[in-house]
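Trainee: One structure, as structure tokens, below. Some questions next.
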Amino acid sequence: MLVAFAVALAVGFFNGYMVIRTGLPSFIVTLGMLFALRGLTIGFARLLTGRTQLGLGDATSGSPLTPLFAGTFGSFSVTIVWWLVLAVLGTWVLQRTTFGNWIFGAGGDANAARNVGVPVNRVKILLFMCTALSAALLATIQVLDAGSADVLRGELLELQAIAASVIGGVLLTGGYGSVVGALFGALIFGMVQQGIFFTGVNTDWFLVFVGVMLLVAVLFNNVIRKRASEAR
């Protein structure tokens, strides 16, 4: 687990460094890195084991870390506790700390932020590293909860992750958004996906919802941004 978290931090640092050094959009850099790492993971997994799944067996039995990542808190899964704690922590950082102001400044207007002393490059690299660390945390929770690792798990869900953030009010251009908004965006996503399943509707229609909601959210966010700019 420590190695996995260290690798994730290294990947996040590399992504941030590449974005800063090349000036390319972060979306392109991270998407390219995603495809490269996914291909390497699938290729090496099949080369070494002949399959994409790896069972943990009794490797985690008796470990004090298993309840921390895959246990229960009362009658609820501990993943809900992780979800809420990270949401509260992220909201506090964005709304109550200097670093949170730096984040909004670096995303809204990097040049203006630099002119007032914000270390934009350092902030961006740290954010990339935090994002990668969050991905490693989710992977750890899933692996310990399922008792196995599968390199194909979560494949092609990156669009849904982006859509959940946009539905939650986060602008892809940067500088605007909230952790609470993204939290509710993901919650709406999950509720609709499960609702379609339990109502007996063909789950293929979920993709229609993704596309329509993403378009509506982008248009709505664009209107809000224009009104906010006019108010200034």
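The values are calculated or read from the model by the stated rules, or taken from the named source; none is laboratory data. What you see is a predicted model; the values in this text were computed from it and never measured. Glycine gets a Cβ as well: all are built from the backbone with ideal geometry, and neighbour counts include every protein chain shown.
Trainee: If I ask for residues that are closer than 29 Å to Leu127 by Cβ and among the polar types (S, T, N, Q), which ones from region 169-213 would you list?
Mentor: Once the filter is applied, which keeps residues that are closer than 29 Å to Leu127 by Cβ and among the polar types (S, T, N, Q), region 169-213 yields Thr173, Ser178, Gln193.
Trainee: Let me ask you something else. Only one of these is in the same structural domain as Val120 (by TED's automatic domain parsing), surrounded by fewer than 15 Cβ atoms within 10 Å (Cβ to Cβ) and either of a type in the set (A, V, I, L, M, F, W, C) or without any contact (Cβ under 8 Å) to a residue 60 or more places away in the chain (or both): Gly55, Gly32, Gly100. Name it.
Mentor: Being in the same structural domain as Val120 (by TED's automatic domain parsing), surrounded by fewer than 15 Cβ atoms within 10 Å (Cβ to Cβ) and either of a type in the set (A, V, I, L, M, F, W, C) or without any contact (Cβ under 8 Å) to a residue 60 or more places away in the chain (or both) holds for just one of Gly55, Gly32, Gly100, which is Gly32.
Trainee: Would it be correct to say that Leu24 is in contact with a helix residue (DSSP H, G or I) (Cβ under 9 Å, 6 or more places away or on another chain), hydrophobic (A, V, I, L, M, F, W, C) and not assigned by TED's automatic domain parsing to the domain that holds Val180?
Mentor: Against the criterion (in contact with a helix residue (DSSP H, G or I) (Cβ under 9 Å, 6 or more places away or on another chain), hydrophobic (A, V, I, L, M, F, W, C) and not assigned by TED's automatic domain parsing to the domain that holds Val180), Leu24 qualifies.
Trainee: Another one. Considering only residues of region 145-175 that are among the charged types (D, E, K, R) and at pLDDT 80 or above, which is nearest to Ala45 (Cα to Cα)?
Mentor: Asp150
Trainee: Here's a follow-up. Quick one: Arg114 ticks every box in (1) surrounded by fewer than 18 Cβ atoms within 10 Å (Cβ to Cβ); (2) under 19 Å from Trp92 (Cα atoms); (3) in contact with a helix residue (DSSP H, G or I) (Cβ under 6 Å, 6 or more places away or on another chain); (4) modelled with pLDDT of 85 or more except a single one, so which number is it?
Mentor: That leaves (2) as the condition not met.
Trainee: Among the residues of region 142-173, how many are within 19 Å of Ala87 (Cα to Cα) and either surrounded by fewer than 17 Cβ atoms within 10 Å (Cβ to Cβ) or assigned by TED's automatic domain parsing to the domain that holds Met191 (or both)?
Mentor: So the count comes out to 12.
Trainee: Inside region 134-169, can you point out the residues that are among the charged types (D, E, K, R) and in contact (Cβ under 8 Å) with a residue 12 or more places away in the chain?
Mentor: If the condition is that a residue be among the charged types (D, E, K, R) and in contact (Cβ under 8 Å) with a residue 12 or more places away in the chain, then Asp145, Asp150, Glu155, Glu158 are the ones that fit.
Trainee: Further question on the same structure: Can you report the number of residues in region 1-29 which are under 30 Å from Ser148 (Cβ atoms) and among the charged types (D, E, K, R)? Give the steps one after another, and end with the answer.
Mentor: So the first thing to find is which residues in region 1-29 are under 30 Å from Ser148 (Cβ atoms), and the list is 1-15.
After this cut, where a residue has to be among the charged types (D, E, K, R) as well, the list is none.
The qualifying residues number 0.
Trainee: Quick check on region 90-110. Is at least one of its residues among the basic types (Lys, Arg), more than 17 Å from Leu126 (Cα to Cα) and not in a helix (DSSP H, G or I)?
Mentor: So the first thing to find is which residues in region 90-110 are among the basic types (Lys, Arg), and the list is 96.
Subsequent filtering for residues that are more than 17 Å from Leu126 (Cα to Cα) retains 96.
From what is left, the residues that are not in a helix (DSSP H, G or I) are none.
Scanning region 90-110, I find no residue that is among the basic types (Lys, Arg), more than 17 Å from Leu126 (Cα to Cα) and not in a helix (DSSP H, G or I), so the answer is no.
Rundown of residues vs (1) part of a loop (DSSP other than H, G, I, E, B); (2) closer than 28 Å to Gly100 by Cα, yes/no style:
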residue	(1), (2)
Gln142	no, no
Leu156	yes, no
Ala161	no, yes
Ala164	no, yes
Leu219	no, yes
